[in-house]
Amino acid sequence: VSACPVCYLPVDEAIALMPKLPSPSPVLKNLAFIYEETLSRNGEFGGSNFGGYPILRQRNESFDIGTKPDHNTGFDMDEDDLIEMEQCHDVVDALAIFGNFDEINDPTNISDYSKETICFLMFVDEEIESNLRSSARLGTRKKIGLWRIIVSHNLPYTDPRGTGKIPKLLLHRMVPNAHYSIWLDRKLELLVDPYQILERLLWRKNAIFAISKHYRCFDVFVEAEANKAAGKYENASIDFQNDFYKNEGLTPYAEAKLPFISDVPEGCVI
């Protein structure tokens with residue numbers, strides 16, 4: 001019998017192995033403060049109300065995860081959606097669809113226990129919500145299959161890729177009471193029960209974070225050139241980010257960095 005590439009436990013066994021307590025956080029022993037002159041939002045890479053150059057008071061206040069996301073600062077959500085997300089405990093499964101409309105695939109092989117306990121959240125923009133309502137797929141319960149549809153307003157970026165990064169990277173702030181999350185890019189479909197995935201990739205190894213390595217690139221600077229060639233972002237913006245990485249001490253990937261096998265993650269599943 002050949003070994004399976006990814007071996008999952010039965011759902012009930014995976015659920016039984018869910019840690020009873022959160023993983024201990026490392027203790028910060030030293031903290032250095034670096035002062036930089038006040039940056040302007042009006043420059044070439046200026047910020048925004050959502051994510052650009054907050055004053056120290058605003059930054060300190062942002063760490064209070066007990067507060068709801070602000071309104072009228074970008075990526076605003078309806079009050080009933082914010083309340084719904086506050087009720088999410090244990091596990092949340094999320095994806096986002098902005099810009100071009102994709103087919104919405106309902107997760108499959110999901111246990112009854114998962115359907116009752118896991119929050120399945122799909123973030124969309126107003127245009128996609130309108131299309132879903134006009135096609136009669138979205139009813140008053142704001143659900144399509146297992147997915148609860150969360151409408152985002154006042155989007156801070158014109159590029160759907162930029163907007164999609166907000167729930168992708170800040171999901172822990174939007175669903176502050178959840179202990180575990182699974183993020184899927186919209187091109188993927190969930191085929192395995194989330195508890196099985198969490199047990200296999202986190203709990204079995206006592207890990208707190210899991211992400212794939214990039215399927216082709218291992219070096220950040222090589223990947224940056226590939227993004228330029230693909231026209232994903234403006235070259236000047238990519239060069240600006242590269243310079244930031246270099247100033248922070250990042251060097252090209254080499255075997256000397258082992259056991260780290262790559263500097264470039266593939267973030268379609270987190």
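The values are calculated or read from the model by the stated rules, or taken from the named source; none is laboratory data. Here the structure is a predicted model, which means the values were calculated and not measured. No Cβ is skipped: glycine too gets one built from the backbone with ideal geometry, and neighbour counts run over all protein chains shown. Just so you know, the surface numbers come from the protein's heavy atoms only, side chains and all, with ligands and any DNA or RNA stripped out. Shrake-Rupley method; radii C 1.70, N 1.55, O 1.52, S 1.80 Å.
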What are the residues in the range 110-141 that are closer than 28 Å to V11 by Cα and surrounded by 12 or more Cβ atoms within 10 Å (Cβ to Cβ), if any? I110, S111, Y113, S114, K115, T117, I118, C119, F120, L121, M122, F123
Take the range 209-230 and flag every residue that is surrounded by fewer than 18 Cβ atoms within 10 Å (Cβ to Cβ) and touching a Leu at 6+ places or on another chain (Cβ under 7 Å). A210
Quick check: anything in the range 152-165 open to solvent by less than 10 Å² (accessible area, probe 1.4 Å) and either within 17 Å of L190 (Cα to Cα) or not in a helix (DSSP H, G or I) (or both)? yes
Subset tally (residues that are under 23 Å from the mean Cα position of the chain (by Cα) and either open to solvent by 60 Å² or more (accessible area, probe 1.4 Å) or assigned by the TED database to the domain that holds T163 (or both)) for the range 241-256: 3
Going by what's in this entry, would L191 be described as touching a residue at least 24 places away in the same chain (Cβ under 8 Å), of a type in the set (A, V, I, L, M) and out of contact with any Cys (no Cβ under 7 Å at 6 or more places or on another chain)? yes
